[in-house]
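FYI, it's all coordinate maths here, none of it is from the lab. From a predicted model like this one, the values you see are computed outputs, not experimental measurements. For neighbour counting, all protein chains shown are included, and Cβ atoms are generated from backbone atoms with ideal geometry for every residue, glycine included.
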Amino acid sequence: MGPLLLSANSFWNIVNFRGQLVEALVNAGYPVRIAAPDIDPMWAEARGVETFDILVDRSGLNPVRDGVLWLDYVRLFRRTRPQFYLGFTAKPNIYGSLAAQITGVASLPNVSGLGTAFMSSGPLAGFVSLLYRLAFRRCPVVFFQNPDDRDLFVARNIVEPSQARLLPGSGIDLARYAPAPMPADHDQMTFLFIGRLLGDKGVREFVEAARVLRGERPAWRFQLLGDIDPGNRTGIVAEQVRQWVSDGLIEHLGHADDVRPFIAGATAVVLPSYREGLPRSLLEGAAMARPLIASDVPGNRQLVEHGVNGLLCAARDAKSLAEVMRQLGSIAPERRAQMGLAGRGLVEREYGVERVVGAYLDALTQLAGEMRVRGN
């Protein structure tokens, strides 16, 4: 089996979202290499994975830095000579796939969500679309995490329908994220947001909904679990977060490597974002049998069936978010528990990590066979 190179904009992304995929690829006999910033050598060594530290400017739009990243990928591909490249997150997908083209490496990028630049209108969105089109034109497979993103890329002629394949997100470890009993205090609703503190994630709407509901339900709690991201164009600044905490609107829990205790302590997991691939926080919340509250946008609506395992609100609308929070708080605790169990059933049926692993192994086996036929 030929060697594989995986890359993302952080090693944390690989460990937390692709760790089981890495282990499955190693167990299948593939020599696996990872290129990302901030490598954890002990994690990689324990799994027999070779690593390469590469600098990815996650949110910047500096063409010089992006050009350097592309050259770094070209040098790395020529040095390590992988048979396949598996890209994750925007810049590794674009610049890694462009480098793969000129070095003869088969690239299988994973579009796990569309960034701010792609979602905007105007010249920047057009330029990003062009980059994706150039990067993906020779990719034998492009993975998408929801049909809306796939259809958008096809409609913009970025990929051909024959290239596109759907994945159930990054998958979820159903044993690790086991159902947890609902909190005993049914009157003290706890709404938990998990993710980077970005405007595009709907953090401001979450806080404004908390402001609306605080006067009505002083016992209710509103929690933000995640780091600030000052390098992101829509990042919430630390001073603003401190002011929200000082005003008594929210609790900022900071970053956590293990989110399970916080989900277990929550009544519902909330994500009022503007667009998603297939959101990990909602997958984790559903797996642990929590009702979900989310904006009615691509990615979110794949996981939330309104009135069944959660509630949908209008995007960019704090009043709509407050209303569905109020609605969830008004129903019987037994009904909330049923909604949580419905979410657990959904992820058991459709979103286990083994489905993601199987999709990658099938694609790699198919492509390797086609390469052997062409070689003959």
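Results, tabulated for the structure shown:
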{"read-out": "Options Leu86, Ala175, Ile293, ranked by Cα towards positive dipole end of the chain, top entry (Cβ charges)", "value": "Leu86"}
{"read-out": "R0 of 25 Å, Cβ-Cβ distance Val26-Ala178: FRET efficiency to nearest 0.05", "value": "0.50"}
{"read-out": "Lys91, Lys201 arranged by Cβ crowding within 10 Å, fewest neighbours leading", "value": "Lys91, Lys201"}
{"read-out": "Rough spin-label spacing in nm, given labels placed 7 Å along Cα→Cβ, for Arg156 and Glu216", "value": "3.8 nm"}
{"read-out": "With 10 Å bins from 0: P(r) over the range 1-80, alpha-carbon pairs, percent", "value": "18, 49, 27, 6"}
{"read-out": "FRET efficiency for Arg301 and Ala332, using Cβ-Cβ distance with R0 set to 25 Å, rounded to 0.05", "value": "0.50"}
{"read-out": "Protection proxy ranking, peptides 3-11, 307-315, 176-184, average beta carbon neighbours within 10 Å, highest first", "value": "3-11, 307-315, 176-184"}
{"read-out": "DSSP bridge orientation in the range 190-350 - percent antiparallel, rounded to nearest 5", "value": "5 percent"}
{"read-out": "Contour minus Cα-Cα distance for Arg233 and Arg47 (0.36 nm per residue)", "value": "63.4 nm"}
{"read-out": "Peptides ranked, highest mean first, by Cβ atoms within 10 Å: ranges 135-147, 73-85", "value": "135-147, 73-85"}
{"read-out": "Peptides ranked, highest mean first, by Cβ atoms within 10 Å: ranges 236-244, 15-23", "value": "15-23, 236-244"}
{"read-out": "Farthest toward positive dipole pole in the chain [+1 Lys/Arg, -1 Asp/Glu at C-beta], among Leu98, Gly345, Leu271", "value": "Leu98"}
{"read-out": "For Thr51, residues with placed amide H under 5 Å, excluding near neighbours", "value": "Ile34"}
{"read-out": "Segment Lys319-Glu350, extension gain: residue separation times 0.36 nm, minus the distance between their alpha carbons", "value": "8.0 nm"}
